[in-house]
Every structure is written in C-alpha cells, then in structure tokens.
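Q: Take this structure first; my questions come after.
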Amino acid sequence: MDKIHTPVLLKESIDSLNIQPDGFYIDCTLGDGGHSIEILNKLSPEGLLLSLDYDQHAVDFVKEYYKDEINNHDNWIIKRGNFKDIKELTKEIDRKPLGILMDLGLSSRQLEESHQRGFSYNEEDEPLDMRMDLTLGVSALDLLKVLPEKELATLFWRYGEERYSKSIAREIKKNISDIKTVGDLTRLVYKVVPVNSNKNPSRRVFQALRIVVNDELNNLKIGLDNSFEILQKGGRISVISFHSLEDRIVKKFFLEKQGSGEGEMLFKSQIAPTDDEKKHNPRSASAKLRTLIKIKKP
Ligand SMILES: C[S@@+](CC[C@H](N)C(=O)[O-])C[C@H]1O[C@@H](n2cnc3c(N)ncnc32)[C@H](O)[C@@H]1O
C-alpha cells in the first residue's frame with residue numbers, strides 16, 4: 001500500500017498552526033495522513049494529536065501505513081468520525097486543543113481508489129454512490145431518483161454553479177431508468193453541455209452531488225462553530241478549502257469572529273499555493289488557506 005495523496009499547502013498550513021511541542025492538536029481530515037504526520041513530528045511526548053476522518057477506508061489506510069509511528073507514539077489518536085461532532089469526539093480528552101486543521105474535500109486516494117463509490121467522473125463502471133461516510137443512508141443515485149426535476153436543477157446550480165443545470169436535470173429525469181453508473185451520467189451530461197474547454201463537462205455535476213450526499217457545507221458550518229468553541233484561547237483554526245462555496249463559509253465565519261472581537265485572522269487575505277506547488281500537484285490549484293486565532297480576552 002502506497003500513499004496516493006500529496007498534501008496541499010503543507011508547509012504553509014503547518015506553519016500557520018504555530019505548533020507548540022506540548023500542545024494538543026486536531027487534524028479533522030486525516031486523509032492519507034500527510035498533515036497529521038507533520039504535526040506529530042513537531043510534538044514532544046507531552047503533546048497530543050487527534051486525527052479524524054469520516055471515511056473508514058482513510059482510517060484503515062493510515063493505521064496500516066503508519067503502524068510503526070503509531071506503535072512508537074502513544075500520543076497519536078486516530079478516530080473515525082465527522083468533524084462536525086468534534087465536541088463529542090473530544091469529550092474524553094481532558095485538554096483543550098491549541099490548533100485545529102481542516103483540509104476539506106476529497107483525497108486523491110478517494111478519487112483513485114474509491115472502493116466502488118464513484119467519486120471520479122473518469123471511473124465509468126463504478127456505481128453512483130459518492131458517500132465518503134458509509135454510515136450515511138442516501139447515495140448520489142438515490143438523489144437523482146427521488147428529487148423532482150426542479151429540485152435537481154437547483155442542486156446542480158446551487159452546489160455546482162452549473163449553467164446548464166435545468167437541461168441536465170431534464171435529461172436525467174427522462175432517462176432515469178437507464179442511469180446506474182458514473183459512465184451513464186457522464187455520457188448524458190456530454191449530450192447536454194457544450195464542450196468548450198479541456199475540463200470535463202461533468203465536473204460541476206459531480207461536485208454538486210458529492211457536496212449534497214455528504215452534507216459538506218453543513219458539516220463545515222457546524223464544524224467551525226464547534227471547533228471554535230472547544231479551542232483554547234490563543235489557539236488557531238486553519239482551513240484549506242478548494243472551491244468558492246467552502247471558502248465563502250470559512251471567510252464569513254472568520255470575519256464574524258474578528259468583527260465580534262473573539263478572533264483575529266492571521267493573514268489579511270487567503271494563502272494560495274505557489275506556482276511550483278501547482279505545477280507539481282495540479283490538484284492544489286484552487287486551494288486557499290485561512291487561519292483564525294482565538295483571542296485571549298483579559
Ligand atoms: C483533502 S483530504 C485530506 C488529506 C490529508 N490532509 C493528507 O494530506 O493526506 C480530505 C479528507 O477529509 C475527510 N473528510 C471530509 N469531510 C469530513 C468531515 N466532515 N469529517 C471528517 N472527515 C472528513 C475525507 O474523507 C478525506 O479523507
């Protein structure tokens with residue numbers, strides 16, 4: 001088993017947390033463990049790292065890949081769980097976190113080794129599932145089946161900013177009995193959306209379905225609120241987002257906390273990957289890092 005995911009904005013995000021060797025840190029989005037291992041390496045035996053992921057496959061991979069590090073450190077806890085439940089997930093830990101990291105969205109492992117979940121529009125034969133958290137009940141195909149045409153069009157518009165949302169929804173409902181796999185959906189989108197760039201015309205539809213299946217934007221809103229609540233004063237939350245819907249939520253939350261005097265943003269604007277990072281890891285291209293410091297009130 002090899003690592004697949006290249007961590008994005010690794011140095012910038014770890015620096016942004018200003019890691020104190022004895023502190024307690026939470027990596028909310030373990031993935032392939034790229035950010036977690038970097039945090040762990042900066043901690044003393046008195047420090048503590050909790051790494052979360054709601055995808056059991058991510059947790060299983062890291063537990064196997066980093067088994068030596070896990071055996072050598074009794075200060076690395078790895079748990080399956082949704083970061084929106086961060087308060088419950090840290091209930092038994094008798095310390096407040098000094099830093100919390102969220103690296104949102106999908107990992108390259110989920111795209112390339114999806115366990116038949118159909119996250120990538122390139123995996124034609126996979127079923128249209130898209131659940132990162134397999135305890136969730138509704139798959140992408142369920143949504144296509146149960147949502148009326150108008151609601152489906154709204155979903156593609158709101159969560160994918162897809163200009164052809166109405167025609168795609170109409171075509172889907174007309175052919176719903178023939179849609180089962182990723183390829184069934186992408187072929188249909190090809191018929192409706194003019195191809196005028198080298199980007200796959202299904203990408204917005206896939207983004208929208210994934211966001212809704214996994215309730216990603218609500219998780220983020222609730223996760224930010226709860227993270228801020230449990231954070232130590234002087235502690236930091238750093239978030240790496242990958243599209244404007246996520247970044248808008250992060251920016252609004254951080255600005256509100258700054259406005260109320262409870263927080264202060266570390267950077268005036270967001271931090272983006274360097275040209276070199278984008279060249280070596282094209283998946284980093286749209287990434288944005290923002291950091292909020294919880295203010296120590298007198
Ligand atoms: C971009 S990857 C993280 C990659 C990781 N930082 C690394 O360098 O290997 C995002 C991960 O977060 C997980 N994830 C997304 N939303 C989550 C949530 N609400 N709670 C827990 N995990 C989540 C996904 O399952 C995925 O494994």
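The values are calculated or read from the model by the stated rules, or taken from the named source; none is laboratory data. The shown structure was predicted, so the numbers you read here are calculated from the model rather than taken from an experiment. We place every Cβ from the backbone using ideal geometry, glycine too, and count neighbours over all the protein chains shown.
Q: Can you name the residue in segment 16-29 that is closer than 14 Å to Asn75 by Cβ and assigned to a loop (DSSP other than H, G, I, E, B) and is also nearest to the ligand (Cβ to nearest atom) among such residues? Write out each step before concluding.
A: In the first step, residues of segment 16-29 are kept if they are closer than 14 Å to Asn75 by Cβ; the result is 19-27.
After this cut, where a residue has to be assigned to a loop (DSSP other than H, G, I, E, B) as well, the list is 19-23.
Working: Ile19: 15, Gln20: 20, Pro21: 21, Asp22: 23, Gly23: 19 Å.
So the residue we want is Ile19.
Q: Go through (1) closer than 20 Å to Leu30 by Cα; (2) in a loop (DSSP other than H, G, I, E, B) one by one and return the number of the condition Gln232 breaks.
A: Every listed condition holds for Gln232 apart from (1).
Q: On to the next question. Counting only residues that are touching a His at 6+ places or on another chain (Cβ under 7 Å), outside the structural domain of Asp225 (by TED's automatic domain parsing) and of a type in the set (S, T, N, Q), give me the helices (runs of 4 or more DSSP H) lying completely in segment 30-97 with at least 3 of them.
A: Result: empty, no element qualifies.
Q: Still on this structure, I have one more. Could you tell me which numbered condition Thr90 fails, if it satisfies all but one of (1) within 25 Å of Asn218 (Cβ to Cβ); (2) within 11 Å of the ligand (Cβ to nearest atom)?
A: Status for Thr90: all satisfied but (2).
Q: Let me ask you something else. Within the set of pairs 6 or more residues apart or between chains, which connect a residue that is touching a residue at least 12 places away in the same chain (Cβ under 8 Å) inside segment 133-162 to a residue that is among the aromatic types (Phe, Trp, Tyr) and within 16 Å of the ligand (Cβ to nearest atom) with Cβ atoms less than 7 Å apart?
A: Final answer for the pair search is Asp133/Tyr54.
Q: I would also like to ask the following. Hey, among the residues in segment 113-126 that are within 18 Å of Ile211 (Cα to Cα) and in contact with a Ser or Thr (Cβ under 8 Å, 6 or more places away or on another chain), which one's farthest from the ligand (Cβ to nearest atom)?
A: Tyr121
Q: Residue check, Asn218 against (1) surrounded by 15 or more Cβ atoms within 10 Å (Cβ to Cβ); (2) assigned to a helix (DSSP H, G or I); (3) within 16 Å of the ligand (Cβ to nearest atom); (4) in contact (Cβ under 8 Å) with a residue 40 or more places away in the chain, all met but one. Which one?
A: (1)
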